[in-house]
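Input: a single structure, listed below in C-alpha cells.
The values are calculated or read from the model by the stated rules, or taken from the named source; none is laboratory data. From a predicted model like this one, the values you see are computed outputs, not experimental measurements. Backbone-built Cβ (ideal geometry, glycine too); neighbour counts: all protein chains shown.
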Amino acid sequence: RPSERFPPGPPRLPLLGSYPFLLALNYHHLHRAAARLSQLYRSKLVGLYLGPLPAVLVNDHETVRQVLQRSEFDGRPDLFLARLRDERYARRGIFFTDGDSWREQRKFFLKTLHEYGFGRRSDAVEQDLVAGLAELITLLKDGPVHEHERAVVDASTGSALCPQVFFALFSNVMLRMLTATRLEREDQAVLYDVGHCSLAFHRQGDDYGLVLSYIPWIRHVLPGPSRYRLLREVNQKANGVIRSLVEKCEQTYSEDDQRCFIDAYIRELHRTGSKATSGSDAFAFEYDQLIIGCADFLVPAFSAIPAKLGLMLERLVAHPAVAEKMYTEIEQYVGQARFPGLDDRTHLPYCEAVVREALRIDTLVPSGIPHVATADTELAGFQIPKGTLIINGLDYINHQEDVFPEPHTFRPERFLSDDGKQRLALEHDRSVPFGAGKRVCAGESFARNALFLTLTTLVQQFTFSMEGRTPDPEQHLTGVIRTAPDFRIKFTAR
Ligand code: HEM
C-alpha cells in the first residue's frame, strides 16, 4: 500500500498494477468494474495501482463533490494517451495538463472565447446553431445532395446514421468562434472527416487512459493491439486540419482586426515572443499549445455533443410518450411558425427536464477525466498520498439510489416541482454530468444550450423510429465517453 490508511482494494501485480483485475471484472466497461470493486471491498473508496501509479476510485456522491471542490485534487495525471495527441508527445492543451500552465491557458481560452460568444448567452452563437439546424432539417427532409451527406443520410429511406449525422452541426459553430469562418453544406466534407477521427479517439480510448498510458513502451511491441497506431493516426489527422486553419488565419492576420480566437492567440504569441514549442511541461503561449488547445474545444464539439444527442434520441425512441409530452409543450408555447429559442427555455420546463434526465441517466463521461492529488491529504477518512490518481465515478453517483430514487428509470419528472405546477426544480438536480469546481467542463453552457435547442427543434419537426435494432443501454460502448453503437434513425416529418 502507498500509505498506511489507503483505501482497501485489489493487489498489485508487476508492470500493470491492479489493471488486470479491473479488466477481468469488466473488460469493456471499467466504471462497472469499479462499482463491482466497491461492492466487493464494501468501501466507497477503492485503492489500487494503475501500472506504477497509486489510484483511488471514488464511488460516493458526497465524496466526489468534495474532490471536485478541493484544490489539492485539481491535478491531472501525466497520461501517454494525452501525450500522443501532440506532435512531439508533449503535455499540451487544457484537458490533460495542470499547474500554472493549465491555469493560465484555461483562463485565456475561456476569457477570449467568451468574447466571441462561447459559454454565455450570445445571439451570434444562437443564430449559428439555428442556421445549422435549418440545414440539418433540410438535409433530413429533402435528402442528401453532396457525397459526404450521402454517407450519413440514406436518400431512399430518409434514415440517418447516428451520431455521424450531427458531425457538422456543432463543430461549425465552434469553427466560427475559433476562425471566423463557417462552412457551407458543400464544403462540410472536412467536418465529417474530423468528426470520424474525434469519435474514434473517444471510442478507442478508455476511462483510465488505456494500458498504453501506464506502460507506454508497449506501443513499440504492439502498436496495433495497444491501439497506439490508430489513436496516433486519428489525432495527427485532426491536428493537420487545425494546423491548416491556423495557417489560413496567419496569412490574413492583422493586428488591428481581431476576427476570432485564433487571431487573439496569434497576437499573444507575438507579444510573448512566438515559440513553436518550449519542449517543456511548464509551457506558456506557443504554437503547439494553440493546436492542442483548439483540439480540446473542437473534439467535444465534433463528437461529444453528437454522441450525447444520439443517446438522447435513443431514449426518446424507447419512450415515445416523453417525446409526445415535449411536443405538446413546444406546440403550446412555441408553435410551428418558428424554431424554439433559448428565450423559450424557462417556458419549456418539461423539455429542460428531459435534457437533464438524459444527461444523468446515460452519463457521457462515466469515470470523469482522472484527477490527481497534488499534495499528501485525506479524503473520507483515508490517507491519499501526493501523486495518487483520483477517478470520480460520475456514472455511479448519477445512479446513487439515495440521491436519485429508481435511478435506472428514465423519469424527467424527477426534476420538476412536486406542486403539480410543472415548474423546473433545479434543487432536485444533483446530477454531475459535467464535473464541478475549477476543473468543471469548459463547454458546459455551450453543450447544454446546444442540446436543448437541437432536441426541442428535432421534436418540433419530426417523430423518430430506429431501423435495425431496438434501443438498449446495455449495448452502450465505453471509451473515454459513452456512446451508443452506430444506429440508423428514421426522422419522419410531423
Ligand atoms: C454533453 C456534452 C459534454 C459533457 C457531458 C462533458 C463532460 C465533461 C467532464 C465530465 C469533464 C471532466 C471534468 C473533471 O475533470 O472533473 C469535462 C472536461 C472538459 N470539457 Fe466537457 N463535456 C461536454 C462537452 C464539451 C464541449 C462541447 C466542450 C468544448 C467545446 C468541452 C470542453 C471541455 C474541456 C476543455 C474540459 C477540460 C477542463 C479542464 O480540465 O480544465 N466539453 N467535460
* **Residue under evaluation I397, criteria (1) more than 21 Å from L309 (Cβ to Cβ); (2) at pLDDT 95 or above; (3) away from the ligand (no atom under 16 Å from the Cβ); (4) crowded, with 16+ Cβ neighbours inside 10 Å, criterion not met** => (3)
* Asked: How many residues, within segment 66-100, are more than 9 Å from the ligand (Cβ to nearest atom), buried (at least 20 other Cβ atoms within 10 Å of the Cβ) and not hydrophobic (A, V, I, L, M, F, W, C)?
  -> 6
* If only one of R414, R430, R360, R439 is in contact (Cβ under 8 Å) with a residue 24 or more places away in the chain and more than 16 Å from the ligand (Cβ to nearest atom), which one is it? -> R414
* Asked: In segment 119-129, what residues are surrounded by fewer than 18 Cβ atoms within 10 Å (Cβ to Cβ) and part of a helix (DSSP H, G or I)?
  -> D123, A124, Q127
* Filter segment 447-480 for residues that are of a type in the set (G, A, S) and in contact with a strand residue (DSSP E or B) (Cβ under 7 Å, 6 or more places away or on another chain); which is nearest to V173 (Cα to Cα)? -> S465
* Within the set of pairs 6 or more residues apart or between chains, which connect a residue that is more than 15 Å from P485 (Cβ to Cβ) inside segment 288-316 to a residue that is aromatic (F, W, Y) and near the ligand (Cβ under 8 Å from one of its atoms) with Cβ atoms less than 6 Å apart? -> G293/F109; D296/F95; A301/F170; I305/F170
* To do: For segment 214-325, please list each of the helices (runs of 4 or more DSSP H) lying entirely inside it that holds at least 1 residues being buried (at least 17 other Cβ atoms within 10 Å of the Cβ), within 16 Å of the ligand (Cβ to nearest atom) and of a type in the set (G, A, S).
  => 228-251, 287-299, 305-318
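Listed here are the residues, each with its yes/no results for (1) under 30 Å from V241 (Cβ atoms); (2) part of a helix (DSSP H, G or I); (3) not acidic (D, E).
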| site | (1), (2), (3) |
| --- | --- |
| F21 | no, yes, yes |
| A35 | no, yes, yes |
| S38 | no, yes, yes |
| V46 | no, no, yes |
| Y49 | no, no, yes |
| A82 | yes, yes, yes |
| D86 | yes, no, no |
| A90 | yes, no, yes |
* Structure fact -> Reported set for segment 101-115 where residues are touching a Lys or Arg at 6+ places or on another chain (Cβ under 9 Å), under 18 Å from I262 (Cβ atoms) and surrounded by fewer than 19 Cβ atoms within 10 Å (Cβ to Cβ) is H114
* Asked: List pairs: first in segment 369-383 and at pLDDT 95 or above and of a type in the set (D, E, K, R), second surrounded by 20 or more Cβ atoms within 10 Å (Cβ to Cβ) and not in a loop (DSSP other than H, G, I, E, B), Cβ under 9 Å, 6+ apart or cross-chain?
  -> D376/I384; E378/I384
